[in-house]
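The values are calculated or read from the model by the stated rules, or taken from the named source; none is laboratory data. Worth saying up front: this structure is predicted, and the values here are computed from it rather than measured. Using ideal geometry, Cβ is built from the backbone for each residue, glycine included, and neighbour counts are taken over all protein chains shown.
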Amino acid sequence: MLLRSDKMVHLHRMNTTKRVAFYTLGCKLNFSETSTVARLFQGVGYEKVDFDDSPDMFIINTCSVTENADKKCRSLVSRALRTSPHAYVAIIGCYAQLKPEEIAQIPGVDLVLGANEKFNILEHIDALEKNVKTKIHACEISEVNAFVPSYSSGDRTRTFFKVQDGCDYSCSFCTIPLARGKSRSETIASTIQSAKQLIADTGSKEIILTGVNTGDFGKYTGENFFELIQQLDQLNGVERFRISSIEPNLLSDEIIQFVASSDKFVPHFHIPLQSGSNATLRRMRRRYQRDVYESRVALIKELMPHCCIGVDVIVGFPGETEEEFLESYSFLNELDISYLHVFTYSERANTHAVELADVVPNKVRAQRSKMLHILSEKKKRFFYQQQLNKTGQVLWEGERDGDWMYGFTENYIKVKTPFVTEKTNTLETLLLQELDQEGICMGISLNPTSSLQINN
């Protein structure tokens, strides 16, 4: 994916004073890839600026999971050209792969790049002149096979590290395989080298492993995710690793047991469920039934009672009866989990689900979503209350909110403290004492060198 040296020199001479801005829609994987593309531009002389800072070029990284992808993309292009009417506009990401022709019809778009070409973007730009006709470079998804390791930058405390891309699953509601292609990853040796480079470049204390189907790492290299995390655990220069999301059928007992014994892998799992009804799971074409999920949660809590467990769940899937929803609600209510990410089902073109009968009315979908959001708040508050009068190690983030700054413990408890610049990207051990009105935790520092009392 590296440009030839003569091309690099040519672009550097052309673009020394050019300014580029980025906007990312969707998941943390997209954010890691946007950061990687940004570093390509900075490497040839572009200055990265804010979206509203009148840049010469806009790059919008799109998502196919979020609702109204077309509307959001159009809105961002319109906003960009209001800010800088003559700027060059390039669209990359999942939506660009799925519907390049549709994006090309948006007034003001100059370039659309599919999954195989987004990291080759510099090769498609010789000058930042507006095109009379939008240029499209998007191959068939079956031809997408390259893997480019990526990591986010700009946040000195945590970074998202892409270790896997694509998906071989065929869930009936999902367009991701159509947008990102087959599952793929580098070898463990190459991934470790990328991790070392990330550590050197960012100075982040925490690395979050991410991918489309992260647990599928190594599927075609004869390796696996468990072997990867064992190797990552031995790296110096980083304090924490966090697994962003992993399918329950790929979350093996050995992975859970390893995290429980690791000094660097933190007690926090995000495990997609999607439904607590086996009938709904079958229609979704998921690769497990709820007893598998239940067993994973049970083992985690047996080995790590303080572990935070997040859950993805979809409401209003076609054919979801009131009985099935209540069955799912009851299952979630009884599980020892910490919070939910609730998604209201929305139709996606080219998926099997759009052909299913018994469509759930939007009003019913909204009611069910509200019920699960309330349940999530109850679960989260109960989990936080369970951690009071216990110690936690907080990684403080640099963003300031009035007089406060925030951080997260290893088991993902959000904590606040009065803002002190020097605390940014440091770890501090606290006795967790109380929750404020917003449910954010506060405590007392146990660090010998700290005199801070966070007990306001």
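Pick from segment 387-406 the residues that are within 27 Å of the chain's Cα centre (by Cα) and touching a residue at least 40 places away in the same chain (Cβ under 8 Å): which of them is farthest from Ser262 (Cα to Cα)?
Gly398
When both residues are 6+ apart or on different chains and their Cβ atoms are under 6 Å apart, which pairs have a first residue that lies in segment 229-242 and is buried (at least 16 other Cβ atoms within 10 Å of the Cβ), and a second that is of a type in the set (Asp, Glu)?
Arg240/Glu206
Can you pull out every residue in segment 330-361 that is touching a Gly at 6+ places or on another chain (Cβ under 7 Å) and surrounded by 17 or more Cβ atoms within 10 Å (Cβ to Cβ)?
Once the filter is applied, which keeps residues that are touching a Gly at 6+ places or on another chain (Cβ under 7 Å) and surrounded by 17 or more Cβ atoms within 10 Å (Cβ to Cβ), segment 330-361 yields Phe331, Leu332, Ser338, Tyr339, Thr344, Tyr345, Val360.
When you check Ile136 against the structure, is it touching a Pro at 6+ places or on another chain (Cβ under 7 Å), farther than 21 Å from Val311 by Cα and among the β-branched types (Val, Ile, Thr), yes or no?
The answer is yes for Ile136.
Looking only at segment 110-122, which residues are among the charged types (D, E, K, R) and farther than 16 Å from Val148 by Cα?
Asp110
What residue, of Ile121, Ile136, is over 18 Å from Thr36 (Cα atoms) and outside any loop (DSSP other than H, G, I, E, B)?
After applying the criteria, what remains is Ile136.
If you check Thr409, Thr429, Thr417, which single one turns out to be among the β-branched types (Val, Ile, Thr), outside the structural domain of Asp263 (by TED's automatic domain parsing), out of contact with any helix residue (DSSP H, G or I) (no Cβ under 9 Å at 6 or more places or on another chain) and surrounded by 15 or more Cβ atoms within 10 Å (Cβ to Cβ)?
Of the residues listed, the single one that is among the β-branched types (Val, Ile, Thr), outside the structural domain of Asp263 (by TED's automatic domain parsing), out of contact with any helix residue (DSSP H, G or I) (no Cβ under 9 Å at 6 or more places or on another chain) and surrounded by 15 or more Cβ atoms within 10 Å (Cβ to Cβ) is Thr429.
Limited to segment 197-232, what total is found for residues that are closer than 23 Å to Glu410 by Cα, among the charged types (D, E, K, R) and over 21 Å from the mean Cα position of the chain (by Cα)?
So the answer is 1.
Given (1) surrounded by 15 or more Cβ atoms within 10 Å (Cβ to Cβ); (2) out of contact with any strand residue (DSSP E or B) (no Cβ under 9 Å at 6 or more places or on another chain); (3) of a type outside the set (S, T, N, Q), where does Asp126 come up short, assuming only one miss?
(1)
Taking segment 139-164 as the search range and keeping residues that are assigned to a strand (DSSP E or B) and aromatic (Phe, Trp, Tyr), which one is nearest to Arg39 (Cα to Cα)?
Across segment 139-164, the extreme among qualifying residues is Tyr151.
Grab the strands (runs of 3 or more DSSP E) fully contained in segment 263-355, keeping just those with 2 or more residues being touching a His at 6+ places or on another chain (Cβ under 8 Å) and more than 28 Å from Gln231 (Cβ to Cβ).
So the answer is 308-315, 339-344.
Check off (1) surrounded by 19 or more Cβ atoms within 10 Å (Cβ to Cβ); (2) among the basic types (Lys, Arg); (3) over 19 Å from the mean Cα position of the chain (by Cα) for Lys133 and give me the number that stays unchecked.
(1)
Would a scan of segment 205-221 turn up a residue that is more than 28 Å from Ile337 (Cβ to Cβ), outside any loop (DSSP other than H, G, I, E, B) and of a type outside the set (S, T, N, Q)?
No.
Taking segment 87-118 only, how many residues are surrounded by 14 or more Cβ atoms within 10 Å (Cβ to Cβ), part of a loop (DSSP other than H, G, I, E, B) and in contact with a helix residue (DSSP H, G or I) (Cβ under 8 Å, 6 or more places away or on another chain)?
9
Might you check whether a residue that is surrounded by 21 or more Cβ atoms within 10 Å (Cβ to Cβ), at pLDDT 95 or above and not in a loop (DSSP other than H, G, I, E, B) occurs anywhere in segment 245-252?
No, that holds for no residue.
Just the residues that are touching a residue at least 60 places away in the same chain (Cβ under 8 Å) and assigned to a loop (DSSP other than H, G, I, E, B), please, taken from segment 165-190.
Within segment 165-190, Tyr169, Ser170, Cys171, Ser172, Phe173, Cys174, Thr175, Gly181 qualify.
So which pairs qualify, if the first residue must be in segment 37-54 and small (Gly, Ala, Ser), the second must be surrounded by fewer than 14 Cβ atoms within 10 Å (Cβ to Cβ), the Cβ gap must be under 7 Å, and the two must be at least 6 apart or on different chains?
What qualifies is Gly45/His12; Gly45/Thr16.
Could you check how many residues of segment 159-184 are buried (at least 20 other Cβ atoms within 10 Å of the Cβ) and more than 19 Å from Pro272 (Cβ to Cβ)?
4
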